[in-house]
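The values are calculated or read from the model by the stated rules, or taken from the named source; none is laboratory data. Predicted, not measured: the structure shown is a model, and the values here were computed from it. As a convention, Cβ positions derive from the backbone with ideal geometry for all residues, glycine included, and neighbour counts pool all protein chains shown. Just so you know, the surface numbers come from the protein's heavy atoms only, side chains and all, with ligands and any DNA or RNA stripped out. Shrake-Rupley method; radii C 1.70, N 1.55, O 1.52, S 1.80 Å.
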Amino acid sequence: RGEGGGAAGGMIPPVESLVKYDKPVLVSSAKDKGKAKKTKAEALGVDKKGKALQTEDILNAILPPREWTEDGELWVQYVSAVPATRSDAISLGESLDQRLQLRRARDSGICTIREELYAQAFDELIRQITIECAERGLLLLRIRDEARMRIAAYQTLYESSLAFAVRKAILGEDAKTEIEGKIKEVTGEKKDKNKQLQELQERFDTLDSREEERWETMKKKQFQEIRSLKDAYKNQTKQLQELLAPPPGFVPRK
């Protein structure tokens, strides 16, 4: 990133930053380059002999100098130790707004550009406060590092959750495909069963119609047979009566 110590050891001139730096210094040898580096003890505000470090040394430990190589020459740019004024704070806010607009940073949500610019502005505030009070500057450095670690943890958690969501989505797609296949299969079976049911219904309707016709035919035939039997009965009864009737003029004996 383009903030305070983010370009140390780079091979090209660093990008412009909201952190205020002095003019670049040409370093002619690797030995001179080594002088620009500070130990961990110096970053805590104490040198090897236990003496308090100067403000510039503390600034260089908090915001390491930027280094780059140009035309085979090593250049170093140290953070400025000039105290800030009220107008500098106002100018910092204006510069922050201008760069947010110039680089088209998003107003909300995740935006690496906005994150980078606000990090540079916070480093510049640390520089200004450290010049006035080194202890407050070191405390702000701890707060900045803690915030960055927390953001990094949230980012790791977000990426892990995103990966989990992607895996779940893939599994969901597989399950969806399987369910759709089963639905298609069941739908096909349903169509076949409906077709079979329709065929059976047609067969039943046909058989029922035939059976009804046969039954009607049987009824008519039986009705005719019964009628014929009745007619025969009447005729035979009449004939029997005629045979049993006495002849004309017959007088029974007393």
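What to note about this one:
- Taking a ≥ b ≥ c as the square roots of the eigenvalues of the alpha carbon gyration tensor, the range 82-158 is oblate, as a/c is not under 1.5 and a/b does not beat b/c.
- Averaged per residue, the range 153-234 has 98 square angstrom of accessible surface, using a 1.4 angstrom probe with ligands and nucleic acids left out.
- Amide H contacts of LEU74 (H built 1.01 Å from N, in plane; Pro and chain starts excluded): VAL27 sit under 5 Å, all sequence-distant by 5 or more or on other chains.
- Straight Cα distances below 15 angstrom link LYS176 to the aspartates and glutamates GLU185, with same-chain residues fewer than 8 positions distant left out.
- Karplus (6.51, -1.76, 1.60) ³J(HN,Hα), θ = phi - 60°, over the range 116-127, in Hz, Gly and Pro reported as x: 5, 5, 5, 5, 5, 5, 5, 4, 5, 5, 4, 4
- DSSP-loop chymotrypsin sites (Phe, Trp or Tyr not before Pro) across the range 158-254, with at most 13 other Cβ within 10 angstrom: PHE250
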